[in-house]
Amino acid sequence: MGKKLAHFSLVCSIILFVIASAVYANLRNLDEVVWQKRAIEAEKAAKAAYNPNPMEVANHLNHHVRLAMEGRNSTRRDLQKYNGPCMATNPIDQCWRCDPNWAKNRMKLADCVLGFGRHTTGGKGGKIYVVTDPSDNDLVNPKVGTLRHAVVQTEPLWIIFAHDMVIRLSEELIMTSDKTIDARGAQVHIVNGAGITMQFVHNVIIHNLHIRDIKPGNGGMIRSSMDHYGFRSRSDGDGLVIFGSTNIWIDHVSMSNCVDGLIDVIQGSTAVTISNCHFTHHNDVMLFGASDSYQKDEIMQVTVAFNHFGQGLVQRMPRCRWGFIHIVNNDYTHWLMYPIGGSSHPTLLSQGNRFIAPPNPNAKEVTHRNFASEAEWKTWNWKSEGDLMMNGAFFKQSGDPNHVFNFPDLIAPQKGESVNSITKFAGHLNCAEHQPC
């Protein structure tokens with residue numbers, strides 16, 4: 001009798017194992033179908049968002065910077081905490097920051113983006129979703145009131161926070177399209193857990209967060225939308241991943257000390273603006289294009305504007321492959337190896353930045369192309385215009401910029417001498433209701 005029961009139990013176990021394996025395989029197949037469909041839709045969105053005249057976008061931004069700087073002559077960064085009246089020092093900030101009623105008109109922010117991400121509206125026109133709970137305990141059926149529950153909803157949402165909170169993401173936070181994460185009015189820290197992933201989505205704004213000490217996730221079953229959850233492999237430990245996504249705006253985010261990169265823009269992403277951010281204490285800061293073999297990244301167009309690259313940074317601010325990168329009016333006050341690198345012939349326009357080289361005599365060059373031979377990189381179009389080079393910094397130009405960067409009625413950038421003022425309030429802002437931010 002005992003042997004029969006044992007045999008019966010073994011047979012049942014085998015049957016259950018076979019059934020479970022079949023179910024798991026079926027789920028994986030369905031998961032692949034979902035992501036393949038999203039990838040196809042994302043590629044179409046990227047082609048639609050791509051601007052065949054990138055200098056028109058650069059010209060438009062430089063025009064607004066010049067308008068914003070009219071009447072200003074400040075070139076000194078006040079390193080002490082600023083407690084004076086509202087002083088918006090660049091055109092994005094001037095669009096919204098000095099309005100004491102910003103909290104009643106949060107969605108005005110979506111009208112303020114410039115650069116390649118200038119058509120991003122995030123959750124504008126949707127409902128306000130208030131995050132009340134900092135927990136992240138259920139990855140498949142997230143609790144109402146949590147950030148994870150907010151970002152997987154189907155409809156456009158403008159996501160705000162009820163109070164200060166520290167959020168430790170158990171696994172990567174997978175966003176859906178048409179969302180704004182707006183942390184104005186609260187101190188919101190994404191720390192000591194996984195990061196935020198924008199994969200095959202469009203129209204996302206991330207604003208006024210602290211993101212630091214991000215670790216790799218273990219993966220597992222994670223919800224990516226209201227109608228889908230599936231298996232995710234281990235995440236890398238990036239702060240923000242923009243993967244095959246379009247119309248993305250990252251603004252006034254303070255970031256540091258992630259295991260991998262702070263921001264990755266990869267896999268055919270385009271129409272991206274990264275502005276007014278403060279980056280510190282990190283090695284590989286930003287990666288634009290993850291592979292020399294992924295030629296679809298030629299569609300990539302990214303604006304990096306009004307950011308402060310600060311203490312404890314080493315390299316990749318950014319490191320570029322393929323695509324067109326406009327780096328304008330940023331303050332590079334620290335680096336250990338190099339600030340701007342690349343391979344696979346990206347087109348790079350550096351305008352009106354300040355580069356302060358470190359004491360190391362071997363780290364004075366702004367540009368880094370050691371991934372290619374000189375015969376190869378000499379054909380890449382990299383141009384510096386109006387940049388301020390300090391402490392021996394130098395930018396090695398290449399290619400034929402007179403051809404690539406030619407544009408009717410070209411507007412010169414605001415020169416690097418103005419960057420102290422332009423980037424004065426980079427990073428997280430301390431905003432209080434009924435007061436200018």
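The values are calculated or read from the model by the stated rules, or taken from the named source; none is laboratory data. Model, not experiment: these values are computed from the prediction. Every residue, glycine as well, gets a Cβ built from its backbone with ideal geometry; the counts of neighbours run over all protein chains shown. When the accessible area is computed, the model is the full protein with side chains, heavy atoms only, and any ligands, DNA or RNA have been set aside. Shrake-Rupley method; radii C 1.70, N 1.55, O 1.52, S 1.80 Å.
Using the alpha-carbon positions of segment 377-422, Rg (one decimal) and Dmax (whole number) come out as 12.7, 35 Å.
Of all the stretches in the chain, which is the longest one without any exposed loop site, taking GluC sites (Glu not before Pro) in a DSSP loop (any state but H, G, I, E, B) with at most 14 other Cβ atoms within 10 Å? Write down the numbers at each step before the final one.
Working: sites that count: Glu70, Glu433.
In the chain, the maximal stretch lacking such sites is 71-432.
Loop-located trypsin sites (Lys or Arg not before Pro) across segment 382-429 with a Cβ neighbour count of 15 or fewer within 10 Å are Lys396, with loop assigned by DSSP. Here the Debye sum runs over all C-alpha atoms of segment 112-223 as equal scatterers in vacuum, and log10 of I(q)/I(0) at q = 0.10, 0.14, 0.17, 0.23 Å⁻¹ comes out as -0.26, -0.52, -0.78, -1.44. Please identify, among Ser373, Ser418, Ser224, the residue showing maximal mean-square fluctuation in a Gaussian network model of the chain using a 10 angstrom Cα cutoff. Most flexible of the set in this elastic network: Ser373.
So, R0 is 60 Å and r is the distance between the beta-carbons of Met221 and Asp111; what FRET efficiency does that work out to, to 0.05?
Working: r = 39 Å, r/R0 = 0.64.
Here the calculated transfer efficiency is 0.95.
Stretched out straight at 0.36 nm per residue, the stretch from Asn101 to Gln295 would grow longer than its current Cα-Cα span by 65.3 nm.
Taking every DSSP bridge with both residues inside segment 196-259, close to 30 percent are antiparallel. Averaging 1/r across all pairs of distinct Cα atoms in segment 280-437 and inverting the result yields a Kirkwood radius of 16.2 Å.
Determine the percent antiparallel among the DSSP beta bridges restricted to the chain, to the nearest 5. Display every interim value, and only then the final one.
Numbers: 6 of 91 bridges.
Here the share of antiparallel DSSP bridges comes out near 5 percent.
Applying a threshold of 28 Å to the alpha-carbon distances of Lys296/Lys383; Lys44/Lys415; Lys104/Lys415; Lys179/Lys396 flags Lys44/Lys415; Lys104/Lys415; Lys179/Lys396 as lying beyond it. From most to least packed by mean Cβ count within 10 Å, the peptides 203-216, 263-276 give 263-276, 203-216.
By a 1.4 Å probe calculation restricted to protein chains, Val131 has an accessible surface near 0 Å², given to the nearest 10.
Looking at segment 323-418, which chymotrypsin sites (Phe, Trp or Tyr not before Pro) are DSSP coil and have at most 14 other C-beta atoms within 10 Å of their C-beta?
For chymotrypsin sites (Phe, Trp or Tyr not before Pro) across segment 323-418 that sit outside H, G, I, E and B with at most 14 neighbouring Cβ atoms in 10 Å, the list reads Phe371.
Average the reciprocal distances over every distinct pair of alpha-carbons in segment 241-294, invert the result, and give the Kirkwood radius in Å. Please list the in-between numbers first.
Values: mean 1/r = 0.0854 Å⁻¹.
After inverting the mean inverse Cα-Cα distance, the result is 11.7 Å.
Can you work out the FRET efficiency for the pair Val34 and Val144, with r the C-beta to C-beta distance and R0 = 22 Å, to the nearest 0.05? Working shown, then result.
On the way: r = 24 Å, r/R0 = 1.08.
Efficiency, rounded to the nearest 0.05: 0.40.
At 0.36 nm per residue, and after removing the present C-alpha to C-alpha distance, how many nm does the segment from Asn53 to Thr154 gain when stretched out fully? All intermediate terms of the calculation are to be shown ahead of the outcome.
Working: separation 101, 0.36 × 101 = 36.36 nm, distance 3.30 nm.
Net length gain for the segment: 33.1 nm.
Note on the chain: the C-alpha convex hull projects to 24.4 nm² when averaged across all orientations.
Of all alpha-carbon pairs in segment 160-285, indicate the percentage at a distance above 18 angstrom.
Values: 3934 of 7875 pairs.
For segment 160-285, the fraction of Cα-Cα distances above 18 Å is 50 percent.
When the Gaussian network model of the chain links Cα atoms closer than 10 Å, the mean-square fluctuations of Arg223, Arg148, Arg106 top out at Arg106.
Within the shell defined by Cβ-Cβ distances under 14 Å, the residues around Met337 carry a net charge of +2, with Lys and Arg each +1 and Asp and Glu each -1. Note on Thr379 and Asn137: the model spin-label points, each 7 Å out from Cα along the C-beta direction, lie 5.9 nm apart.
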